[in-house]
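Undergrad: What follows is a single structure, and I will ask about it in a moment.
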Amino acid sequence: MKWIKWVLGGLAVILIAGAAVVYFTMPYWNDYRKDGELAVEGFHAPVTISRDGKNMAYIHAQNTHDAIMAQGFAAAQDRLFQMQLSRLFSQGRISELAGKRARDLDFRMRTIGIHRLARKQADMLDPETRKYFRAYVDGINAFIEETPEDIPIEFKLAGIPAETWTVTDCLSILYYMAWSTSANLNHEVVGQMLLQAVGRQQARQILPVNINPDDPADAGATAERPAQTIDVIAGSGRAWAKLAADLEHFPGMEMAMGSNNWVAGPGLAPGPRPILAGDPHLDPRILPGVWYPVGLITPEFRAVGANIPGLPGMAIGRTEHISIAMTNNYGDMQDLYVETVDPDDPGRYREGEKSIPFETTAETLRIKDENAEGGFREETIQIRRTRRGPVVSDVIPGLDTDRVISLRWAPAETMQPGIGLSGLLTARSAEAVNEALAEIPMLCLNWVFADTRGNIGYRASGKLPIRKNGGGSFPYVVTDDADNWQGWIPQEKMPRSANPDRDWLGTCNHKTVPADFPWYYSSYFAPSYRYQQLKSLMARPGKKSVDDHWRFQRNTKNRMAEKIAPVMADALMAYDDTRQMGQILSDWDFTDDPDLAAPAIFQAVYIDFARRAFVDELGSETAMTMLKNWYFWQERLQRMVLSGDSHWFDDKRTPDRVEDLGTLFHEAALDVMSRLTPEMGKNPADWAWGDVHTLTLVSPIRQEGPGKDLLGTGPMPMPGSGETLCRGWYDYDEPFGVTHCASLRMVVDMADDEKILAVLPGGVTGRVFSPHQKDQVKAYMEGDKMYWWFSDAAIREHTRYTLELR
């Protein structure tokens with residue numbers, strides 16, 4: 001039998017050798033040219049693309065056109081497949097890749113009309129803005145057409161071609177990002193759903209609390225006008241519950257989360273210039289992540305930063321003169337309208353006595369189908385529009401109503417020839433940044449910025465409507481032909497600040513407008529927990545170094561838990577069977593660190609407690625729909641808990657007993673024990689937050705099934721929570737896997753001309769098998785420092801590859 005052992009041993013050697021060959025050659029299976037010279041048409045002068053050890057590109061060009069064109073070329077080298085997916089998604093073409101399962105998604109996106117708006121914007125661009133986008137597109141197309149051998153292997157695996165790009169394609173991605181930053185539709189529908197479920201009086205008790213933590217006069221009142229919208233839809237609140245549930249799956253909802261940014265003036269910095277920090281909170285779970293970093297160096301400007309792949313220039317980063325970072329502002333740019341179909345003609349709708357024909361657009365979906373000739377079948381869809389916008393209820397099957405719901409979106413009405421993002425590259429002062437941001441009507445964002453002269457500033461971008469009824473928290477019922485939008489909030493009145501006495505500015509998606517702001521701004525903001533913690537950190541004595549700001553971004557102090565956990569602990573320690581859990585909470589320092597038991601107990605008990613507080617009055621479906629919208633209820637429920645008494649704590653389904661705050665916490669804790677014990681053990685002291693609160697990164701070509709963890713990362717213990725500066729957001733109905741966190745961490749010291757502190761959760765390159773698709777994961781998870789290089793000397797010192805484009 002020795003021969004069997006010899007054969008098996010020989011096979012083992014061959015397999016091991018083969019595995020070694022595969023392992024060491026995989027990075028070359030899907031690589032591209034990084035060294036040498038390449039002749040590319042379209043450049044006005046030679047261009048150099050240097051790449052460092054992270055594979056980040058630094059472009060040296062003789063003029064702006066060539067720098068932006070080379071940016072498009074480099075982005076296509078690293079992210080072309082990701083860019084193609086973004087293009088297909090924004091244009092409602094994902095079913096070309098995913099088949100019939102993506103058909104409804106495409107129908108929704110076509111209904112919103114992102115691509116139609118992008119075409120409209122492209123047609124009106126001024127010459128300079130057109131040249132800016134055209135140069136980027138030319139770079140993408142140069143890569144596709146002149147280096148076909150370097151097209152990412154993902155295109156072959158997906159069975160789709162690498163299509164050339166147009167300016168409209170880039171603008172589709174820009175408008176999709178704009179849509180994502182203004183998506184508060186679900187908030188409006190949830191409010192209406194509650195009105196129809198429990199009536200106006202009770203609904204007012206659980207409407208959101210929105211507080212500007214810098215305004216002592218702000219009591220958190222919600223702008224209301226619900227009276228006219230009660231019972232306007234047949235089928236009572238169930239129709240609104242279905243609408244709310246379906247809107248969760250509308251394109252863009254997954255992007256509309258949040259971020260942190262702040263800037264410290266020279267008085268708080270060790271050096272003579274400001275320090276700026278930014279960490280946008282998006283869904284980074286598909287490798288390599290959301291942002292594409294690049295350096296752009298020309299005689300006109302030096303810029304090192306990042307942007308969304310498919311967009312030119314820089315949205316976050318620094319130049320020789322300024323630095324900038326953004327967060328979501330949540331200004332309300334969207335309204336839903338309840339419209340009446342003409343009973344005499346379903347092809348028309350009513351505005352009072354007027355009968356107006358729906359504007360109808362036919363579009364063709366191309367759906368992948370292996371049984372169809374050529375591998376695709378076509379389906380024509382009809383999109384109806386009123387004067388206000390597309391009829392979104394047409395894409396929600398089974399909506400029990402004799403009305404239709406239309407959508408109005410401000411960027412569809414505020415287009416202008418110029419787009420101020422290009423001005424960030426050449427701005428030489430904080431005031432110039434402020435002026436550029438005023439020319440970005442489609443993006444409702446909070447920007448903080450600084451310049452080398454020591455100035456710091458904050459500004460909200462975007463163009464918001466002035467509503468004649470004073471609010472946009474609920475759907476608007478159309479009863480006549482009067483327009484409820486009466487113009488636009490003047491740009492000079494938008495939230496802004498410069499060089500405050502405290503010498504720092506920051507935003508964490510919280511409410512930034514004062515209580516006496518003359519117009520309705522929004523009813524949808526993040527709770528103030530993260531911003532309150534930021535204020536506490538910035539108020540510490542002494543100057544704040546770059547290292548301090550880096551640590552602040554990973555701070556895990558939970559301000560919500562600081563208020564609620566002591567109440568929860570007292571309630572649990574009143575019962576023998578939950579006393580240990582209460583004691584753990586009582587001993588907790590309120591940090592959501594992955595090795596602690598207390599965060600796991602607090603988070604699990606609190607979300608169960610929230611469900612118990614509302615499910616009896618609202619019903620399971622309505623309660624869950626509301627609770628999945630975290631911002632809607634968090635500060636409101638906190639007020640109830642701290643007051644110690646609310647009729648919402650009594651379960652109306654048990655008329656023979658009266659439940660109170662302590663009862664609900666106790667029952668929630670018992671339920672948590674039964675659910676978590678099989679996974680985490682019988683002893684709560686042995687539980688660890690990081691065992692259940694994990695971040696998993698996946699490859700775009702293998703998001704589930706065998707090989708998912710090999711091409712991705714597998715679950716990684718994640719610090720923080722939705723309430724901490726170190727963000728670790730999870731979905732209420734699917735705890736505790738992280739869906740949104742810092743998609744980039746960046747700290748800029750304007751006094752440091754050599755480097756920028758920055759790390760991505762994945763990597764620079766989007767190509768499967770590339771070592772640079774996930775080579776920053778360890779540094780990101782452990783808080784290690786990585787850098788973008790800024791000076792020519794630092795770039796040369798760290799250059800690994802140099803490609804000359806001629």
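The values are calculated or read from the model by the stated rules, or taken from the named source; none is laboratory data. This is a predicted model, so every value here is computed, not measured. No Cβ is skipped: glycine too gets one built from the backbone with ideal geometry, and neighbour counts run over all protein chains shown. Surface accessibility is based on the protein's heavy atoms, side chains included, excluding ligands, DNA and RNA. Shrake-Rupley method; radii C 1.70, N 1.55, O 1.52, S 1.80 Å.
Undergrad: List the chymotrypsin sites (Phe, Trp or Tyr not before Pro) within the stretch 279-330 that fall in a DSSP loop (any state other than H, G, I, E or B) and whose Cβ has at most 11 other Cβ atoms within 10 Å.
TA: Counting only loop positions with at most 11 other Cβ atoms within 10 Å, none of the chymotrypsin sites (Phe, Trp or Tyr not before Pro) in the stretch 279-330 qualifies.
Undergrad: Would you please name the GluC sites (Glu not before Pro) within the stretch 72-163 that are DSSP coil residues with at most 12 other C-beta atoms within 10 Å of their C-beta?
TA: Sparse-neighbourhood loop GluC sites (Glu not before Pro): none present.
Undergrad: Rounded to the nearest 0.05, what FRET efficiency is calculated for ARG657 and GLN201 with R0 set to 30 Å and r the Cβ-Cβ distance?
TA: 0.75
Undergrad: I've got another one for you. Run the numbers for SER674 and VAL477: contour at 0.36 nm per residue of separation, minus the present Cα-Cα distance, in nm.
TA: 66.2 nm
Undergrad: Can you sort ARG745, ARG554, ARG93 by solvent-accessible area, 1.4 Å probe, largest first?
TA: Sorted by accessible area, descending: ARG554, ARG93, ARG745.
Undergrad: How would LEU38, LEU105 rank on accessible area, largest to smallest, probe 1.4 Å?
TA: LEU105, LEU38
Undergrad: Taking the mean number of other Cβ atoms within 10 Å as a proxy for protection, how do you rank 785-795, 502-512 from highest to lowest?
TA: Order by mean packing, descending: 502-512, 785-795.
Undergrad: To the nearest 20 debye, what is the magnitude of the charge dipole of the stretch 107-154 about its Cα centre, counting +1 on the Cβ of each Lys and Arg and -1 on the Cβ of each Asp and Glu?
TA: In total the dipole reaches around 640 debye.
Undergrad: Under the 0.36 nm per residue contour assumption, what length would be gained going from the current alpha-carbon distance of ASN469 and ASP402 to full extension?
TA: So the chain would gain 21.6 nm between ASN469 and ASP402.
Undergrad: Taking the Cα centre as origin and putting +1 on Lys and Arg beta-carbons and -1 on Asp and Glu beta-carbons, what dipole magnitude results for the chain, to the nearest 20 debye?
TA: Dipole size: approximately 900 debye.
Undergrad: Leaving ligands, DNA and RNA out of it, work out the accessible area of ASP547 with a 1.4 Å probe and give it in Å² to the nearest 10.
TA: 60
Undergrad: At 7 Å along Cα-to-Cβ for each site, give me the label-to-label distance between ALA372 and ASP516 in nm.
TA: 6.1
Undergrad: Another question, then. If the only charges are +1 at each Lys and Arg Cβ and -1 at each Asp and Glu Cβ, what is the size of the charge dipole of the stretch 283-399 around the Cα centre, to the nearest 20 debye?
TA: 520
Undergrad: A further question on this structure: Return the distance in nm (one decimal) between the two label points of a simple spin-label model at ASP792 and LEU710, each offset 7 Å from Cα along Cα→Cβ.
TA: 4.7
Undergrad: Still on this structure: Find how many whole Å separate the alpha carbon centroid of the stretch 283-308 from the alpha carbon centroid of the stretch 571-612.
TA: About 41 Å separates the Cα centre of the stretch 571-612 from the one of the stretch 283-308.
Undergrad: Report the Cα centroid-to-centroid distance between the stretch 109-126 and the stretch 419-495 in angstrom, as an integer.
TA: 20
Undergrad: Can you find, among PRO161, LEU282, ALA197, the residue farthest towards the positive end of the dipole of the chain? Put +1 on the C-beta of Lys and Arg, -1 on that of Asp and Glu.
TA: Among PRO161, LEU282, ALA197, the one farthest towards the positive end of the dipole of the chain is PRO161.
Undergrad: Between GLU754 and LEU642, what's the calculated FRET efficiency when r is the beta-carbon distance and R0 is 35 Å? Round to 0.05.
TA: E between GLU754 and LEU642, to the nearest 0.05, is 0.10.
Undergrad: I want to check the label-to-label distance for ALA779 and GLU145. Put each point 7 Å from Cα in the C-beta direction and report it in nm to one decimal.
TA: 3.6
Undergrad: Sticking with this structure for a sec: Could you list the chymotrypsin sites (Phe, Trp or Tyr not before Pro) in the stretch 151-192 that lie in coil according to DSSP, counting only those with at most 10 other Cβ atoms within 10 Å of their Cβ?
TA: none
Undergrad: Probe radius 1.4 Å, ligands and nucleic acids ignored: give me the carbon and sulfur share of the accessible area of the stretch 61-143 as a rounded percent.
TA: Result for the stretch 61-143: 53 percent of the exposed heavy-atom area is carbon or sulfur.
Undergrad: Lys/Arg Cβ at +1, Asp/Glu Cβ at -1, dipole of the chain taken about the Cα centre: which of PHE602, VAL513, ASN499 is farthest positive-ward?
TA: ASN499
Undergrad: Using a 1.4 angstrom probe on the protein heavy atoms only, line up LYS131, LYS535 by accessible area, largest first.
TA: From most exposed to least exposed: LYS131, LYS535.
Undergrad: Listed highest first by mean packing, meaning other Cβ atoms within 10 Å per residue, what order do 627-636, 480-489 come in?
TA: 627-636, 480-489
Undergrad: Accessible area per residue, 1.4 Å probe, Å², for the chain: what's the number?
TA: 37
Undergrad: When we measure straight from the Cα of LYS557, which lysines land under 24 angstrom away, once same-chain ones fewer than 8 places off are left out?
TA: Output for LYS557: LYS511, LYS535, LYS543, LYS544, LYS628, LYS778, LYS785.
Undergrad: If you don't mind, another one. Round to a whole angstrom and tell me the spacing of the C-alpha centers of the stretch 30-84 and the stretch 502-530.
TA: 40
Undergrad: Here is a follow-up. Kindly identify the chain as rounded, prolate or oblate by the Cα gyration tensor criterion: order the square roots of the eigenvalues as a ≥ b ≥ c, call it rounded if a/c is under 1.5, otherwise compare a/b with b/c, prolate if a/b is larger, else oblate.
TA: Rounded, because the longest to shortest axis ratio a/c is under 1.5.
Undergrad: How large a share of the accessible area of the stretch 477-624, in percent, is made up of carbon and sulfur atoms when the probe is 1.4 Å and the other protein chains stay in place?
TA: Of all accessible area on the stretch 477-624, carbon and sulfur atoms account for 46 percent.
Undergrad: Of all the accessible heavy-atom surface of the stretch 764-806, with the other protein chains kept in place and a 1.4 Å probe, what percent is carbon and sulfur?
TA: Answer for the stretch 764-806: carbon and sulfur cover 49 percent of the accessible area.
Undergrad: In deg cm²/dmol and to the nearest 500, what is the mean residue ellipticity at 222 nm of the chain if only DSSP H runs of at least 4 residues count, each as -39500 (n - 2.57), divided by the residue total?
TA: -11000 deg cm²/dmol
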